[in-house]
Amino acid sequence: MIYIILGITGLLIIVALFTYLSRRKNDTPEEIIAPPAECCGAHAICEKGLKKADSRIEYFEDEELDQFKQIPADSYSDDQIDAFREVLYTLRTEEVADWLLSLEKREIQLPDILRQEAIDMCQ
């Protein structure tokens, strides 16, 4: 009977020792790597801001839209709106935000009627 009690006690001591060692191993702090000094921590926004700061203009096979430079968003004709719509509907969803940025860099205002639809496609 004493051997059974000693065996169980020994087993409990071994389990406690392994538990203690595994917790101690997990308690060691992970190495924290500081982000670059220019990083604000809002990566999705930051990356878009970097794209915005880049002066290069990315085209989406929409060079014909350059003729609408500096035209107010509420003064497009139906045919002109259709030219924007044609480009918008050929873009992949992940390209829409970059296309809107491209238009902004080129000083082209998206027609009011398409603005909300394009923004919805970005999200």
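What follows is calculated from the coordinates using simple rules that are stated; it is not laboratory data. Note that the structure is a prediction, hence the values are computed from the model and not measured. All Cβ positions, even for glycine, are placed from backbone atoms using ideal geometry, and neighbour counts span all protein chains on display.
Quick notes on this one:
- Gain upon complete extension [GLN67, ILE119; 0.36 nm per residue less C-alpha separation]: 16.5 nm
- Entry note, segment 57-123: relative contact order of 49 percent, from Cα contacts under 8 Å with a spacing of 6+ residues.
- In terms of the mean number of neighbouring beta-carbon atoms within 10 Å, the peptides 99-108, 80-89, 57-66 order highest first as 99-108, 80-89, 57-66.
- Converting phi to 3J(HN,Hα) with the Karplus coefficients 6.51, -1.76 and 1.60 and the offset θ = phi - 60°, segment 87-101 yields 5, 4, 6, 8, 7, 6, 4, 6, 8, 4, 4, 5, 5, 4, 5 Hz in sequence order, with x at every glycine or proline.
- Rounded D (µm²/s) - segment 57-123, Kirkwood Rh over Cα pairs, Stokes-Einstein at 20 °C, 1.002 mPa s: 182
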